[in-house]
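FYI, it's all coordinate maths here, none of it is from the lab. Computed from a predicted structure; not experimentally measured. Please note: Cβ atoms are built from the backbone with ideal geometry, for glycine as well, and neighbour counts cover all protein chains shown.
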Amino acid sequence: MKVTHWPLHGLRVRTPRLELRLPTPDELDELAELSAQGIHQPGTMPFAVPWTDQPPAGRARSVMQFHWRTLGEWTPQDWTLPLVILLDGTVVGSQSLTGRAFPIMREVETGSWLGLRHQGQGIGTEMRAAAVHLAFAGLNAESAVTAAMTDNPASITVSNKIGYRRNGLVRTVVGGTLRYKQHFALDRDAWEAHRTVPVEIDGLEPCLPQFGL
Ligand SMILES: CC(C)(COP(=O)(O)OP(=O)(O)OC[C@H]1O[C@@H](n2cnc3c(N)ncnc32)[C@H](O)[C@@H]1OP(=O)(O)O)[C@@H](O)C(=O)NCCC(=O)NCCS
């Protein structure tokens with residue numbers, strides 16, 4: 001694919017097992033299918049916007065529309081990078097990074113999910129390590145934030161292992177129910193102190209203006 005006018009298509013973030021990048025149309029379709037097959041057990045809701053509470057075909061379409069919407073609405077002042085995760089060439093999940101007024105804020109917010117059958121094998125930790133490496137090493141961020149429902153131990157454990165500190169507990173309503181969202185923040189020193197996953201970035205330089213840099 002030619003990347004002259006949208007260099008983000010040439011951006012690659014690699015860990016020992018994973019590659020994170022923008023998906024091809026076929027890979028986006030694979031990601032959508034993964035969501036249709038299930039991201040979490042019925043009766044649980046890890047997301048603040050309960051988009052997985054719809055039939056499989058609707059879930060799949062919303063994955064595709066989220067992807068196109070984020071790229072369509074991209075500005076250097078307000079961007080969301082919707083990366084797919086590839087394990088041995090197979091799409092296993094999604095990792096997004098959001099930056100608002102990034103050159104001033106120097107903060108990214110991350111969100112992620114894996115297909116159910118790919119969970120619990122350390123992939124979530126490895127992809128978050130890749131995302132925060134892109135933020136701190138690639139984009140020179142000063143802070144990375146995320147949040148998880150208090151009944152989501154997998155996500156909370158990943159945040160703890162990467163070195164985030166707890167940054168407030170917030171009440172929120174999801175699908176008409178009161179839920180508690182644990183916020184987390186990671187600064188550069190804590191990131192460096194907890195780094196265990198080697199990460200490589202390729203193709204970032206031509207993308208910097210798109211990140212507002
Ligand atoms: C959250 C998510 C991305 C994490 O990815 P993952 O590959 O499953 O996570 P990992 O295997 O790297 O690590 C999960 C950790 O949580 C721990 N864990 C999982 N379930 C647990 C439980 N019920 N109690 C305690 N610890 C638990 C695991 O033991 C593991 O820790 P360890 O490596 O020290 O053993 C993935 O589970 C997922 O997609 N979940 C559904 C969607 C979601 O919750 N997205 C995040 C919204 S905030």
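What the table below lists for this structure:
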{"read-out": "Surrounding net charge for residue 148, when Lys and Arg each add one and Asp and Glu each subtract one, Cβ distance under 12 Å", "value": "+3"}
{"read-out": "Dipole moment magnitude, nearest 20 debye, the chain about Cα centre, only Lys, Arg, Asp, Glu C-beta charged", "value": "500"}
{"read-out": "D_trans [Stokes-Einstein, Kirkwood Rh over alpha-carbon pairs] for the chain, 20 °C, 1.002 mPa s, µm² s⁻¹", "value": "123"}
{"read-out": "Computed over the range 103-142, Cα set: Rg, Dmax in Å", "value": "12.3, 39"}
{"read-out": "Relative contact order, percent, the range 157-207 [alpha-carbon distance under 8 Å, six or more residues apart]", "value": "35"}
